[in-house]
Structure formats: C-alpha cells, structure tokens
1. If we count other beta carbons within 10 Å of each Cβ, what is the order of VAL314, VAL242, fewest first?
2. Stretched out fully, how many nm does the piece from LEU211 to LEU337 gain, at 0.36 nm a residue minus the Cα gap?
3. Given the peptides 221-229, 67-75, 256-264, arrange them by the average over their residues of other C-beta atoms within 10 Å, most packed first.
4. By how many nm would the segment from ALA272 to TYR128 lengthen if fully extended, with 0.36 nm per residue of separation less the alpha-carbon distance?
5. In terms of the ratio Rg/(2.2 N^0.38 Å) built on C-alpha atoms, what value belongs to segment 151-273?
6. Which order do SER172, SER132 fall in if you start with the one that has the fewest other Cβ atoms within 10 Å?
Amino acid sequence: MALTFRAYERAAAVSSSSGRTRHYVDRPTTRPPSGRHSRTVDDIVVEATGLTKRYGSRTAVDRLDLRVRRGEVYGFLGPNGAGKTTALRAVLGLVRPSAGRVRTLGAVPGSPAALRRIGMLVEAPAFYPYLSARGNLRALGRLAGTGTSRIDQVLETVDLATRADEPVHRYSLGMTQRLGVAAALLKAPELVILDEPTNGLDPAGMADMRLLIRRLRDDGITVMLSSHLMGEVQHVCDRLGVVHHGRLLREGTVDELRGAVALRVGTDRPAAAREVLSSLVGVGRVAPRNGALEVACRRDSARVLASRIAEAMVRAGLPLHELALADRTLEDVFLELTGDRAAARTSPGNRRDGSEP
Ligand SMILES: Nc1ncnc2c1ncn2[C@@H]1O[C@H](COP(=O)(O)OP(=O)(O)OP(=O)(O)O)[C@@H](O)[C@H]1O
C-alpha cells in the first residue's frame, strides 16, 4: 500500500498513543476560528537550515536553506534526482537529516504537533479499487482518526462530488490524484505537501490539478510542491526554489527568477540607434544581439519603454523593423544556473515559451 495509507496509519498510531484519537478533527489552536489562515508573509511554515541528507557516499540534499511562508504555494523545481523528494521527506519527518535543521510548523518534523497539521501526497496514492471515493475516504478517516465529517467538503474541493459514489477503479489518473489530495485534506491541514502532483497526468489532468492547488491557496492552505515541469510550476507557484544536485541554486518569484527583460530593436542603422536608445530614461545596457539591438530594462517598465523607443526612433528619423520583448523562460534561467541542457528539457512540460501544456 502506498505512502498515503502508511502515513495515515502512522499518524493514527501517533494520535492513539497520545491518547487523543480525535486530535486531527479537534483543530489546533493556531488556526483562526473562521478556518481561514492569516497571510502574514513573515509567518514561516517550513524552515530548513543547512539541510543535508546523504545515502552512503551519495549526497541527495546538500546544505539546503529554505523558508516557506504561510499562505503561499512554494515550488521545488529541479530535474529528476535533484533531491526534491528527499527534501520534502525531511520536511515531513520521513527521513532523518544527516546534518542541518528543519522545522515544520514550528515543530520537529514527524512529531505529532507537526503531523496533525500537515496533509501529504508524496507517492502515487493507492485506494481500494472497488470502493467508491466516498468509501475510501470513510475508511481512511476512520483509520487515521481524522473522522468522516469533512468528506463531502473535501470531495467538493477536489471537484469529485459528482463522481464520489463510483468505484475508484473507474477513475482516471488525474481523478485518483485529486482523490489523494482529498485524503490529505481530511484533517483540515494548514500545510499540504505534494510531490510531483501532476506526474503522468494528461494536459486536462494537469490543468485540473493546477486549479485545485490554487483553490487550496485561496482557502488559506500553504502548499509546498515539487516538480520537474518548469512550464507547469510557473503558473501555479508564488515562489520557487531551483534545485540541482541537491543544492538550492536560486529562490524567488517567477519574475524574480526570470529577472530583467530586454526589448529587441531591429534597425538598419544600429550605430545611430544605439546612441538614441542609450539616452532614453529607463534603458539599461544596449547591445547588439542576433541582428538587432537588445535594450535591457525592468520587467515592469518594458511596455512604457517600448512606446518611448518607437517615438524616439521616429523622431530621429531612424527605420524601425522590429520592436519586441525578449523574455527569458524558466528553462532559460535553469540553463543559465546549471548549464544542464538535458536536465532543462526533461519533459515536454518544459516548453521554451513557458506556455501551459
Ligand atoms: N533511499 C535512498 N537510498 C539511496 N539513494 C537515494 C534514496 N533516495 C534517494 N536517493 C538518491 O538521492 C538523489 C535524490 O533523489 P530524490 O528522489 O530526492 O530526487 P528528486 O529530485 O525527487 O527526483 P525524482 O523526481 O526522480 O524523484 C538521487 O540520486 C537518488 O538516487
């Protein structure tokens, strides 16, 4: 049986040994009574300092520092084998770090105080195939001591309410994944951890999962997920950590990671144009590239600057053949950081244009 069940069994065992078999239902006091969480950005939900995990001579996670803030969707981005799953497991307390420190919801990972507030999907979920979604959730709720009172609500959240009474073997992979998220939501968690939640899903399944992740965030749940699909994460994550060979290379919002943009200015009088462009306010470096001039500028001022460039070129009587935004995709950023072209293209989801699949 997959980890979903094992984790629930473990959580259930923890709760019985503490003598509070219903404590997943009796919400901890840290959550506001409305059920919605505050969005104070300074509220750190996961904090890792120097997190390192070695398996023999192999270092899976190497001195990782990261902070996940309450209410955000944080994405771990990296190719297969980068160390994402291992890091998530350390956050959950499923592996013991070789060095460094992790705090999850202010508690030691794997401790009852942390577990009771976390929902997880870190392996493909397994369900009883001839039971319905509702039947499976009922079984899980009883097993884990989370109760069954939230079943209708979580089925609604994952958009399975209308199919809830069908046997699960009829479900698509995407539906099964969403049911896995529903199982993780039974205990009304503050933090949900999803390891490669869209792995193996078709474009429609991915879109549904993205929608679901946004819904979780709108409900005030902090989401930490991993993915090797750069096109996917940039549409769903508030912040990203780029991981490669166990190291966190960069952290930031998608725009921060993609950094400055450039405007491409095509003209057959580049020398004169360069002079004109360099004198404009808001223009960074102007340099020839691939048959045009590239004008570095801030992302948020690119649009205004483009019209100023057009005006200035016309005023100076210079021909203008091309005026376009040259933007970097996450794949470009990843390549720049790692030089690992193969890893940047590990899947069709890593599209050059960053478009949604
Ligand atoms: N239990 C283990 N024993 C030995 N090596 C392991 C173990 N778990 C992970 N590793 C190794 O640690 C490295 C990181 O693996 P990890 O699964 O964390 O990467 P990942 O980024 O999640 O990749 P994937 O997306 O393929 O799961 C890999 O080289 C992997 O082979």
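Just so it is clear, none of the values below were taken in a lab; they were calculated from the coordinates. Since the structure is predicted, the reported quantities are computational estimates derived from the model, not experimental observations. Quick reminder, even Gly has a Cβ in these numbers, built from the backbone with ideal geometry, and neighbours come from all protein chains shown.
1. Details: VAL314 11, VAL242 23.
Result, fewest neighbours first: VAL314, VAL242.
2. On the way: separation 126, 0.36 × 126 = 45.36 nm, distance 2.94 nm.
Residue separation times 0.36 nm, minus the Cα-Cα distance, leaves 42.4 nm.
3. Working: 221-229: 24.9, 67-75: 21.2, 256-264: 18.1.
Order by mean packing, descending: 221-229, 67-75, 256-264.
4. Numbers: separation 144, 0.36 × 144 = 51.84 nm, distance 7.18 nm.
Extra length available between ALA272 and TYR128 comes to 44.7 nm.
5. Working: Rg = 19.4 Å, N = 123, 2.2 N^0.38 = 13.7 Å.
Cα-based Rg divided by the globular estimate yields 1.42.
6. On the way: SER172 13, SER132 20.
Starting with the residue having the fewest Cβ neighbours, the order is SER172, SER132.
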